[in-house]
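The values are calculated or read from the model by the stated rules, or taken from the named source; none is laboratory data. Owing to the predicted nature of the structure, the values given are computational and were not obtained by experimental measurement. Cβ placement follows ideal geometry from the backbone for every residue including glycine, while neighbour counts extend to all protein chains displayed. Side chains are part of the model used for accessible areas, which takes the heavy atoms of the whole protein and leaves out ligands, DNA and RNA. Shrake-Rupley method; radii C 1.70, N 1.55, O 1.52, S 1.80 Å.
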Amino acid sequence: RELLEPHIRLIDKEIARLKAMAAGLGSEFEFTPEGKQRLINDLLAHRAALISGRPAAEFTAQTRQLGHLQGQYERTIEQLRNNLEDQAVQIRQQQQQLERQRRDHELLIQQYRYLRLPH
């Protein structure tokens, strides 16, 4: 127990340091966002293993599964957004077509009325 608490504090300190680091693509960044998150997840799994006495692999597998599910969720959300945008474009096109038809019909009605008036 004496060694456990200092080790957990070290892990927490490292997680905080990693979270504070900028991540991105390119040579100016030390980590990609995904790499940074993987490292944080590994540290969290190690921390959970120390506290619970269970193997870190259990937590890592769960984290990967959650990451996979999150990826699926994000892809689904993006697909839904794209579908909504496509539908919005179709609706705008239909509105424009209906407006053209309305103007055409109004013009025909005006021409008919003009022809029916006595001259």
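Mind jotting down a quarter of the surface of the convex hull over the alpha carbons of the range 29-92, in square nanometres, one decimal? Walk me through the numbers before you get to the answer.
Values: hull surface 24.5 nm².
Projected area, direction-averaged: 6.1 nm².
Work out from phi, with θ = phi - 60° and the Karplus expression 6.51 cos²θ - 1.76 cosθ + 1.60, the ³J(HN,Hα) of each residue of the range 17-31, listed in order in whole Hz, and give x for Gly and Pro.
Using θ = phi - 60°, the values come out as 4, 5, 4, 6, 6, 6, 10, x, 9, x, 5, 6, 10, 7, 10 Hz.
In deg cm²/dmol and to the nearest 500, what is the mean residue ellipticity at 222 nm of the chain if only DSSP H runs of at least 4 residues count, each as -39500 (n - 2.57), divided by the residue total? If you can, show how the numbers build up before the last one.
Working: 3 runs with 98 residues, N = 119.
It lands at -30000 deg cm²/dmol.
Just the number please: accessible area per residue for the chain, 1.4 Å probe, all protein chains included, in Å². Don't skip to the answer; put the middle values down first.
Numbers: 10140 Å² over 119 residues.
Accessible area per residue, the chain: 85 Å².
So what are the ³J(HN,Hα) numbers for the range 77-84, from phi and the Karplus equation (6.51, -1.76, 1.60; θ = phi - 60°), rounded to whole Hz, Gly and Pro as x?
4, 4, 5, 5, 4, 4, 4, 5
Using +1 at the C-beta of Lys and Arg and -1 at the C-beta of Asp and Glu, which of Gln70, Asn82, Ser27 has the Cα lying farthest in the positive direction of the dipole of the chain?
Farthest towards the positive end: Asn82.
What's the carbon and sulfur percent of the chain's accessible surface, probe 1.4 angstrom, rounded to a whole number? Don't skip to the end; give the middle numbers.
Details: 5580 of 10140 Å².
Of the solvent-accessible surface of the chain, carbon and sulfur hold 55 percent.
Could you tell me which label, among (1) 1.57; (2) 1.02; (3) 1.54, carries the value of Rg/Rh (Cα atoms, Kirkwood Rh) calculated for this structure?
(3)
For the chain, set up a Gaussian network in which alpha carbons nearer than 10 Å are linked by springs, and say which option among Leu108, Leu25, Leu39 fluctuates the most.
Leu108
Each residue of the range 102-113 in order: what ³J(HN,Hα) in whole Hz does its phi give by Karplus 6.51 cos²θ - 1.76 cosθ + 1.60, θ = phi - 60°, with x for Gly and Pro?
Along the range 102-113, the couplings run 4, 5, 4, 5, 4, 5, 5, 5, 5, 5, 4, 4 Hz.
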